[in-house]
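Working notes for the structure below.
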Amino acid sequence: MAQKLLRPPGAASEKEFLALCIQCGQCMAACPHNSIKPHRSFNKNRHSMEIEPAKTPCYLCMKCPPVCPTSALNEKCTDMRQANMGQAYILEKHCHNFNNGVMCSTCYDRCPLRGHAMVLELGFIPRHTDACVGCGVCEYVCPVNAIVTIASPSFESDISQEENLKRKSERNKNTTPPTGALKTLTT
């Protein structure tokens, strides 16, 4: 099974996202960090929007959900704590803090949800909590590539496809545009 793509904040479930996303690029244009890119492939995900944290993570500015014309991204998702993109995991085998005695807190220092999604256990060991939304900033800044961000396979949107379609039809009537537990992998 192919790894699920990391979608922008507030994305509907993968099935609904693929059905609703028209690849208009409005979320990509709204992103000031150039984090959102069209997926390059020849499968069903072709040109659907994704985030590749190792290249450019999501900085959780939350400017993309409100501009989505089809509700593939939930317009009500404006709080970065509700982005629900996935989950980041520390690969202890590679992390400085678990191996060679070097104290590193780069992931903690740069986490947009520092103190909630990323904590320092015992004051120096970085750990992800269930509050992690999968933005990928920690993966991007890790000096030894000891963090991986995985799209959540169990994530289901708070809004149903029926509600998405209702919102879409309401938008078409308008003339104005749409304005934890600790996580660590030991591999």
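Derivation of every value follows stated rules applied to the coordinates shown; laboratory data play no part. As the structure is a computational prediction, the values presented were derived from the model and not from experiment. Please note: Cβ atoms are built from the backbone with ideal geometry, for glycine as well, and neighbour counts cover all protein chains shown.
Could you go through the range 100-110 in sequence order and give the Karplus-derived ³J(HN,Hα) for each residue, using 6.51 cos²θ - 1.76 cosθ + 1.60 with θ = phi - 60°, rounded to whole Hz, and x for Gly and Pro?
10, x, 7, 8, 10, 10, 4, 4, 5, 4, 9
Output the pairs from LYS15/LYS37; LYS4/LYS93; LYS15/LYS55 with a Cα-Cα distance over 22 Å in this structure; if there are none, say none.
Too far apart for the 22 Å limit: LYS4/LYS93; LYS15/LYS55.
Each residue of the range 121-128 in order: what ³J(HN,Hα) in whole Hz does its phi give by Karplus 6.51 cos²θ - 1.76 cosθ + 1.60, θ = phi - 60°, with x for Gly and Pro?
6, 6, x, 8, 9, x, 9, 8
Under 18 Å from the 7 Å Cα→Cβ point of ASP79, by amide nitrogen: which residues of the range 88-128?
112-118
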